[in-house]
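One structure is given below, encoded as structure tokens.
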Amino acid sequence: MDQQFESDLPSIMKRAKDIFVLGCTLGLRSHDLLNLKKKNIQRTASGMSIVLHTQKTGAEIKVPLPDYAIKIIRKYTAQSRTYILPRVSGSNLNIQIKRLARLAGWTEPLPKIRHRRGVPVEIKTKDGKSYRFCDHITVHSMRRTAITTLLLMGVDETSVRRISGHAPGSREFYRYVALVQDYFDTAVKAAPEADCRS
């Protein structure tokens, strides 16, 4: 992490950054993430985990916490009697995350395209400009990032589904699997050929 970037952030952006990092780690839906309570923390001999039943599906989720996530949680649980993270609405967090992405320099053009009668048409912002990468970042990006990262790291699909709370056979989940498979296919095709002559 860029220490200078973080130290220069206003306090509200530091908070947004912490929530974003935790969201990209846990892979929870934003409502479940923002409503995590101290009772959702489970301590065992092997470390700390977040355990909860998701609001949408009721699925039980258990996610082990890496050290950086524990550090974020400890920072905010000291300030609250009940909740793990600061209280912020999903819509307000959306605005803060977009601003955070802009401050991080994620401003490359990334047009928003919609198909009208089979013809691709670029959708512009209210002021007639093309969308940038930072404009596409939302609270749901945290969940997508966590799921994609776990799959790229080689965590098996069943374990990732248990962490994300997707139902078996979920079409939404298999979009992530297909995306990661495309990434692997592209990486393999781009790999230099090994000299097999020995």
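The values are calculated or read from the model by the stated rules, or taken from the named source; none is laboratory data. Predicted model, so just to flag it, every value in this text is computed and none were measured. For neighbour counting, all protein chains shown are included, and Cβ atoms are generated from backbone atoms with ideal geometry for every residue, glycine included.
Here are some notes:
- Selection of segment 65-86 for residues being assigned to a helix (DSSP H, G or I) and buried (at least 16 other Cβ atoms within 10 Å of the Cβ) yields Ala69, Ile72, Ile73, Tyr76, Thr77.
- Within segment 169-186, the residues that satisfy the criterion of being surrounded by fewer than 14 Cβ atoms within 10 Å (Cβ to Cβ) and either modelled with pLDDT of 80 or more or among the charged types (D, E, K, R) (or both) are Arg171, Glu172, Arg175, Ala178, Gln181, Asp182, Asp185, Thr186.
- Test for Ala104: is it aliphatic (A, V, I, L, M) and modelled with pLDDT of 90 or more: yes
- Within segment 125-137, residues that are outside any helix (DSSP H, G or I) have Cβ atoms under 9 Å from residues that are modelled with pLDDT of 95 or more and of a type in the set (A, V, I, L, M) in these pairs: Arg132/Ala101; Ile137/Ile97; Ile137/Leu100; Ile137/Ala101, counting only partners at least 6 apart in sequence or on another chain.
Every residue, every condition in (1) touching a His at 6+ places or on another chain (Cβ under 7 Å); (2) surrounded by 11 or more Cβ atoms within 10 Å (Cβ to Cβ); (3) basic (Lys, Arg); (4) at pLDDT below 95, yes or no:
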position: Val63; (1), (2), (3), (4): no, yes, no, yes
position: Val88; (1), (2), (3), (4): no, yes, no, yes
position: Gln96; (1), (2), (3), (4): no, yes, no, no
position: Glu108; (1), (2), (3), (4): no, no, no, no
position: Gly118; (1), (2), (3), (4): no, no, no, yes
position: Asp127; (1), (2), (3), (4): no, no, no, yes
position: Ala146; (1), (2), (3), (4): no, yes, no, yes
position: Gly154; (1), (2), (3), (4): no, no, no, yes
position: Arg161; (1), (2), (3), (4): no, yes, yes, yes
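- For Thr82: the one exception among (1) over 23 Å from Val160 (Cβ atoms); (2) touching a Pro at 6+ places or on another chain (Cβ under 9 Å): (2)
- Here Leu100 clears all of (1) under 22 Å from Ile41 (Cβ atoms); (2) in contact with a Lys or Arg (Cβ under 7 Å, 6 or more places away or on another chain) except the condition numbered (1).
- Test: residue in segment 28-46 that is touching a Gly at 6+ places or on another chain (Cβ under 9 Å), assigned to a helix (DSSP H, G or I) and of a type in the set (Asp, Glu): yes
- Count of residues meeting criterion [within 17 Å of Leu65 (Cβ to Cβ), of a type outside the set (A, V, I, L, M, F, W, C) and in a helix (DSSP H, G or I)] in segment 1-27: 3
- Of all positions in segment 102-119, none carries a residue that is touching a residue at least 60 places away in the same chain (Cβ under 8 Å) and within 30 Å of Leu52 (Cα to Cα).
- Segment 140-157, residues that are more than 22 Å from Ala101 (Cβ to Cβ), of a type in the set (A, V, I, L, M, F, W, C) and assigned to a helix (DSSP H, G or I): Leu151
- Scanning segment 30-48 for residues that are surrounded by 11 or more Cβ atoms within 10 Å (Cβ to Cβ) and hydrophobic (A, V, I, L, M, F, W, C) yields Leu33, Leu34, Leu36, Ile41, Met48.
- Residue that is surrounded by the fewest Cβ atoms within 10 Å (Cβ to Cβ), among those in segment 49-61 that are assigned to a loop (DSSP other than H, G, I, E, B) and touching a residue at least 12 places away in the same chain (Cβ under 8 Å): Lys56
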